[in-house]
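These notes are about the structure you will find just below.
Derivation of every value follows stated rules applied to the coordinates shown; laboratory data play no part. Owing to the predicted nature of the structure, the values given are computational and were not obtained by experimental measurement. Every residue, glycine among them, receives a Cβ derived from its backbone with ideal geometry; neighbour counts consider all protein chains shown.
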Amino acid sequence: MARVWRGVVRTRAGLIRYNMRMEQTLILIKPDAIQKRLTGIILSRFEALGLEIAAAKVVRASEELLREHYANLKGTPFVDGVVKFMMGDYNNLPDHRIYAFVLRGENAVSRVRAALGATNPEKAEPWTLRGQFGCIKDGVMQNAVHASGTPQEAEREIALWFKPEEVLP
Ligand code: TYD
């Protein structure tokens, strides 16, 4: 869902026109970040962007949900490893869990992705979340956080992870 507000501000330098895209994005804090106790650090980065939390929960994601979430990876040699990783198998989590959030704010999708950095943590800029905290183990990228790549993806992913009534209007 993306709402666009257009407006004009009158300043001494003249009129400034603006387009504000209010967007929602799905965030998943992955098992590697949970094991390393990074949840607070990750959320503080998003708060500093001025984004609001519209939904939050602890999820024991089923294999079915994860395969649906990562439908774009179907047929790749690493999809099974990614699903196992997301189920906590590589991070010694006794009770496997993921922390899921819907964040909302101006241009939230692209701003959150910029804070994450590249998918491959070895290629992500060192000051991004994935650059700072990610690693690759057994061919699986343990990159700390998932965030939707586009507003369309966000809509699909939010509907997968949350019921409509769990997201603040
Ligand atoms: P993808 O959807 O391509 O990236 P992103 O998470 O940045 O949207 O891939 C999903 C996850 O799969 C990614 O976060 C880490 C993992 N992955 C690998 O382990 N190896 C790979 O070669 C790729 C492309 C992804």
- Query: Using θ = phi - 60° and the Karplus form 6.51 cos²θ - 1.76 cosθ + 1.60, what ³J(HN,Hα) does each residue of the stretch 110-126 get, whole Hz, x for Gly and Pro?
  - Reply: 6, 5, 5, 4, 5, 5, 6, x, 5, 4, 7, x, 6, 9, 5, 4, x
- Message: As I understand it, the dipole of the chain uses +1 on the Cβ of Lys and Arg and -1 on the Cβ of Asp and Glu, about the Cα centre. Which of TYR70, GLY139, LEU49 lies farthest toward its positive end?
- Response: LEU49
- Under unit Cβ charges (Lys, Arg +1; Asp, Glu -1), what dipole magnitude, rounded to 20 debye, does the stretch 24-166 have relative to its Cα centre? 260 debye
- Message: Suppose R0 equals 30 Å. What FRET efficiency, 1/(1 + (r/R0)^6) with r the Cβ-Cβ distance, do GLU52 and ASN72 give to the nearest 0.05?
- Response: 0.60
- Message: If you fit an axis through the alpha-carbon atoms of helix 151-161 and take the longest principal axis of the Cα set of the chain, what angle between them do you get, 0 to 90°, nearest 10?
- Response: 50 degrees
- Message: Starting from the 7 Å offset along Cα-to-Cβ, what nm value, one decimal, do you get for the label separation of ARG156 and ARG12?
- Response: 5.1 nm
- In degrees between 0 and 90, to the nearest 10, how far off the longest principal axis of the chain does helix 39-48 point, with axes built from Cα atoms? 10 degrees
- Message: With the alpha-carbon atoms as the only input, what is the per residue convex hull volume for the stretch 93-158 in Å³?
- Response: 106 Å³
- Item | trypsin sites (Lys or Arg not before Pro) within the stretch 58-141: DSSP coil, no more than 13 neighbouring Cβ in 10 Å | ARG60, LYS74, LYS123
- Item | Placed amide H near ALA54: partners under 5 Å, 5+ positions off or other chain | VAL102, LEU103, ARG104
- Kirkwood hydrodynamic radius (Cα pairs, Å) of the stretch 55-169? 15.1 Å
- Note on the structure: Per the 1/(1 + (r/R0)^6) rule, R0 = 35 Å and r from the Cβ atoms of VAL4 and GLU64, FRET efficiency to 0.05 is 0.50
- Restricting to Cα pairs under 8 Å and 6 or more apart, the percent relative contact order of the stretch 24-166 works out to 36 percent
- Message: I need the phi-derived Karplus couplings for the stretch 25-32: 6.51 cos²θ - 1.76 cosθ + 1.60, θ = phi - 60°, integer Hz, Gly and Pro marked x.
- Response: 9, 8, 10, 10, 8, 7, x, 5
- Which chymotrypsin sites (Phe, Trp or Tyr not before Pro) does the stretch 69-169 hold that lie in a coil by DSSP with at most 11 other beta carbons within 10 Å? TRP127
- Residues ASP89, ASP32, ASP138, sorted so that the one with the fewest Cβ neighbours within 10 Å comes first: ASP138, ASP89, ASP32
